[in-house]
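Beneath this line is the structure, given in structure tokens, with notes to follow.
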Amino acid sequence: MTKIEPQVKMREQSISERLKNFSEVPLGYNEAEAVREAGRCLQCSTSPCIKGCPVSIDIPAFIRLIREKKFLEAAGVLKESNSLPAICGRVCPQEDQCEKACLLHKQGKAIAIGYLERFVSDYERAKKKIYVPRIKARKKEKIAIIGSGPSGLTCAGELRKMGYQVTIFEALHQGGGVLSYGIPEFRLPKEIVRQEIDYVRELGVEIKCNMVIGKIYTVEELLKQGFSAVYIATGAGCPSFMDIPGENLNYIYSSNEFLTRINLMKAYAFPQYDTPVKIGKKTAVIGGGNTAMDSARAALRLGPEKVYLIYRRSSEEMPARIEEIHRAEEEGVEFQLLTLPVEFMADKDGNIRGMYCQRMKLGEKDKSGRRRPIPIPGSEFEIEVNSVVVAIGTKANPLVPETTNALKLNERGYIMVDESGQTSRPEVFAGGDIVSGSATVIKAMGTAITAAGAIDKYLRMRLEIPPF
Ligand code: FAD
Ligand code: SF4
């Protein structure tokens, strides 16, 4: 049996260096490294990796092209199924998807599919030879997309390729959704997000920013303006709080505010940008997901003495990507696991000075499939902190659901859709986090691709257009 080499490691900034800047931590493969990693692929006839990919990228095909040093052709294969590969190559949880399904996974030697995806899309961008797929003949129907996160951008791109006229309405002054305001520069450079958005524009999609739908126009008004269908992709960006005493003290931030100030308003570059974010010498981030890990690592780079990560379960239950947990630990975030804050305490000026926490133990599995945290009586203790970031999850953005007539919502305020993404209103479709609740970039994109197909089918049936 041929010996399988281990995965080719990706170079990254040293720990001491990366803590001094907000630049991307992993540095990417060079050509030789990419070809070597691609050379490990078995080119399995059953391609289990494709089944593990929520948008069914032809993974063996693009890896084969890397092996043959046909990097631009490899980018073409990626773009057929994924309009945002440079982003997915960086933030997708490949360890739970394609790489988990890879035949070599069991031996602990899965192909680094994400690293290769990132290499190919970076190569394409560096060569400035961006592959633009064929756009079908122009159709007269216009489609409105609400929200320019990964779901809105993907749905827009797919519909545009079918020839529809597509306009995205975005509430913020900049597109990208969480990719722009949530995920920090050191994980996803904003220049890459900007270029991926430009690519969607190059396809012919119009993006209108500063357009808060539900305030400026309602869905009803968009339909009256001549849009034949609407796709709602407004995400789950509404912050959740813990609802414990003292939560409104100064220097307690929601992760949304904290990360938006850092990413979108460039607080880390103050005074070059005039929007600082103030944190204390001791900062605590509460939560165990990607948002908590991003907040903790961003806080570390702002220079406090100590950053704690407070999570009520154990590391095994943490929803964050393993790679990010590992990076947070090695950068010096102090994990306080099985710990639940129960009260925030104030100094005489109304600023936070500390918090009472309680130790927890794990019980039986709950609905989420994770072991339930149970408080240990009498285990309360105090931690001194001068700022806190609450990163315990988010809720549905309510504005569009609440201003659209006859839209069925579930008990948590998320939009209900059938398997194609169609809502209770036939001309209104929805996908991404506003349907699923906070999930992943690739899942938001997958639902967008399905919905784009359903919108096309719906319009053809309604307008009696024959299939291609
Ligand atoms: P969003 O990205 O939330 O985009 C929604 C867009 O709609 C926003 O631009 C918003 O401004 C706009 N909008 C809202 N209301 C209106 C309105 N009324 N009118 C007009 N526009 C409106 N996933 C991963 O796969 N990997 C990761 O590593 C990862 N890290 C994450 C880190 C953080 C900090 C966060 C918060 C999330 C992370 N996620 C990650 C989850 C992932 O980013 C989301 O699942 C994904 O962005 C959802 O996409 P979406 O398009 O549905 O919504
Ligand atoms: Fe290559 Fe792994 Fe896919 Fe097989 S399962 S084709 S080894 S990436």
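Since every read-out is calculated from the coordinates, none of them should be taken as a lab result. Note that the coordinates shown come from a computational prediction; the quantities given were computed from them, not determined experimentally. Ideal geometry is used to build each Cβ from the backbone, glycine not excepted, and the neighbour counts take in all protein chains shown.
Estimated from the Cβ-Cβ distance and a Förster radius of 35 angstrom, the FRET efficiency linking Arg201 and Glu316 is about 0.25. Subtracting the Cα-Cα distance of Glu402 and Ser368 from their residue separation scaled by 0.36 nm leaves 9.5 nm. Pairs of Cα atoms nearer than 8 Å and 6+ residues apart set the relative contact order; for the chain it is 15 percent. Length gained on full extension, Ile130 to Lys20: 36.3 nm, using 0.36 nm per residue less the C-alpha separation.
Which FRET efficiency, nearest 0.05, do Lys3 and Lys100 yield, Cβ-Cβ r, R0 22 Å? If you can, show how the numbers build up before the last one.
Working: r = 23 Å, r/R0 = 1.03.
The value I calculate is 0.45.
Here's the picture: charge each Lys and Arg Cβ at +1 and each Asp and Glu Cβ at -1 in the stretch 55-133, and of Leu104, Leu116, Ser81 the one pushed furthest to the positive end of that dipole is Leu116. Selection among Pro375, Ile352, Ile197 by position relative to the dipole of the chain gives Ile197 as farthest towards the positive end (Cβ unit charges, Cα centre). With the helix formula -39500 (n - 2.57) applied to DSSP H stretches of n ≥ 4, the chain reaches a computed 222 nm mean residue ellipticity of -9500 deg cm²/dmol. Rounded, prolate or oblate, given the Cα gyration tensor of the stretch 247-406, with a/c below 1.5 counting as rounded? In terms of gyration-tensor shape, rounded. Under 20 Å of direct C-alpha separation, and excluding same-chain neighbours fewer than eight residues apart, Lys3 reaches these aspartates and glutamates: Glu33, Glu37, Glu99. Between Cys44 and Met265, the contour length at 0.36 nm per residue exceeds the Cα-Cα span by 74.9 nm.
Legend: residue pairs Lys136/Lys395; Lys190/Lys457; Lys20/Lys70; Lys215/Lys266, Cα-Cα distance threshold 30 Å; pairs beyond threshold, Lys136/Lys395; Lys190/Lys457; Lys20/Lys70.
Amide H contacts for Gln336 (H built 1.01 Å from N in the peptide plane; partners 5 or more residues away or on another chain; cut-off under 5 Å): Leu309, Ile310, Tyr311.
Rounded to the nearest 20, the size of the Cβ-charge dipole of the chain about its Cα centre is 1120 debye, with Lys and Arg at +1 and Asp and Glu at -1.
Shape call for the chain from the C-alpha gyration tensor, a ≥ b ≥ c root eigenvalues: rounded (a/c under 1.5), prolate (a/b greater than b/c) or oblate? It would help to have the intermediate numbers written out before the result.
Working: a/c = 1.73, a/b = 1.22, b/c = 1.42.
Since a/c reaches 1.5 but b/c is at least a/b, the shape of the chain is classed as oblate.
Pick out, in residue order, every one of the trypsin sites (Lys or Arg not before Pro) in the stretch 1-69 that is DSSP loop and has at most 14 other C-beta atoms within 10 Å; say none if there are none. In loop regions of the stretch 1-69 (DSSP not H, G, I, E or B), the sparsely surrounded trypsin sites (Lys or Arg not before Pro) are Lys3, Lys9, Arg11, Lys20, Lys69. Would you please classify the overall shape of the stretch 190-319 from the alpha carbon gyration tensor, given that a ≥ b ≥ c denote the square roots of the eigenvalues, rounded means a/c under 1.5, and beyond that prolate means a/b larger than b/c while oblate covers the rest? Since a/c reaches 1.5 and a/b is larger than b/c, the shape of the stretch 190-319 is classed as prolate. Got a sec? Which residues in the stretch 428-453 would a label at Arg412 touch, if it sits 7 Å along Cα→Cβ and we count backbone N under 19 Å? From the stretch 428-453, the list is 430-448. Taking 7 Å steps out from each Cα toward its Cβ at Leu27 and Glu382 produces label points 4.7 nm apart. When the stretch 270-343 is described by a simple charge dipole with +1 on each Lys and Arg Cβ and -1 on each Asp and Glu Cβ, the residue from Pro341, Leu309, Pro276 located farthest towards its positive end is Pro276.
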